[in-house]
1. If a residue must be part of a strand (DSSP E or B) and either in contact (Cβ under 8 Å) with a residue 40 or more places away in the chain or more than 24 Å from the chain's Cα centre (by Cα) (or both), how many such residues does the stretch 89-121 contain?
2. Kindly indicate the residue of the stretch 164-203 that is under 21 Å from residue 147 (Cα atoms) and surrounded by 23 or more Cβ atoms within 10 Å (Cβ to Cβ) and also farthest from the chain's Cα centre (by Cα) among those meeting that condition.
3. Can you report the number of residues in the stretch 42-88 which are part of a strand (DSSP E or B) and buried (at least 16 other Cβ atoms within 10 Å of the Cβ)?
4. Would it be correct to say that residue 230 is out of contact with any strand residue (DSSP E or B) (no Cβ under 7 Å at 6 or more places or on another chain), crowded, with 19+ Cβ neighbours inside 10 Å and touching a residue at least 60 places away in the same chain (Cβ under 8 Å)?
5. So for the stretch 146-164 (the condition being in a loop (DSSP other than H, G, I, E, B) and either in contact (Cβ under 8 Å) with a residue 60 or more places away in the chain or within 24 Å of residue 258 (Cβ to Cβ) (or both)), does at least one residue qualify?
6. Could you please find all residues in the stretch 192-243 being under 13 Å from residue 270 (Cα atoms) and in a strand (DSSP E or B)?
7. May I ask you to list pairs of residues, at least six apart or on different chains, whose Cβ atoms are under 7 Å apart, with the first in the stretch 287-301 being under 13 Å from residue 188 (Cβ atoms) and the second being at pLDDT 95 or above and part of a helix (DSSP H, G or I)?
8. Considering (1) over 21 Å from residue 8 (Cα atoms); (2) touching a helix residue (DSSP H, G or I) at 6+ places or on another chain (Cβ under 6 Å); (3) touching a residue at least 60 places away in the same chain (Cβ under 8 Å), say which one residue 217 fails and leave the rest.
């Protein structure tokens, strides 16, 4: 694999300040390519107690708890049970229609494109489809495999330790400097290939709310999260993170500002892999009880040809 350049050395098209981090890896998986075999092997040594923590929400959560059309496209799954018999044996089958980005999810590199240059790696709209030869789908993640070190940062706890307020709503931004300090507070020295798990407290607030509160938390769309500016791009790139997963709906502070850098734009320009609505509450408990913020992180997305997103099928193992 070619050497991954520093952020400052990434090519920038003439007249532009934002980099295009294309061509440094062969697999077409963007920043996931920083997970190399030796890093995966080292991550396996983090398993000491064998404690396993599920990081996926149920597929019906949260949209089945919200008013219909809470999202402009995505809906809660439709799950049907078929009851039959065969040669005297009771048989059960089921069918599910679901939106792969309606609950815990990875966004594929086909999810967001750059308005001028196209999708990651220079893919154009005609290259983003559901047939053979499609580019940037989640099937690339599935073939590559996500097996690496996970790092956990709890933003509510970090901000409280600094005597600063934090709310999962209100569009509060965790800046690059804040994230550096939060990593140090959690005794984390980033390694190339790490998956960064960032808890904002949004999911815990949603779980604790009544129906009206849940609707407000989701529909107001004023989520707090990581800043999406160039300073954050540089931190995530130069630290070598393979992906960023969060318990919030968007990972980054929301709403986006037209014409400004964002982590969603970084999907196209950096190959940034984002995971949204991961269940990090049980992980928070495990981290505290195990006394460490690092663990083996395993995820096997759907091998869905050309898929735009996928449930992560993710687990932390201590």
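The values are calculated or read from the model by the stated rules, or taken from the named source; none is laboratory data. For clarity, every value in this text was computed on a predicted model and none was experimentally measured. Quick reminder, even Gly has a Cβ in these numbers, built from the backbone with ideal geometry, and neighbours come from all protein chains shown.
1. Residues that pass the stated criteria total 12.
2. Once the filter is applied, the top-ranked residue is 193.
3. 1
4. no
5. No, that holds for no residue.
6. Matches in the stretch 192-243: 243 only.
7. 293/287
8. Residue 217 satisfies all of (1) over 21 Å from residue 8 (Cα atoms); (2) touching a helix residue (DSSP H, G or I) at 6+ places or on another chain (Cβ under 6 Å); (3) touching a residue at least 60 places away in the same chain (Cβ under 8 Å) except (3).
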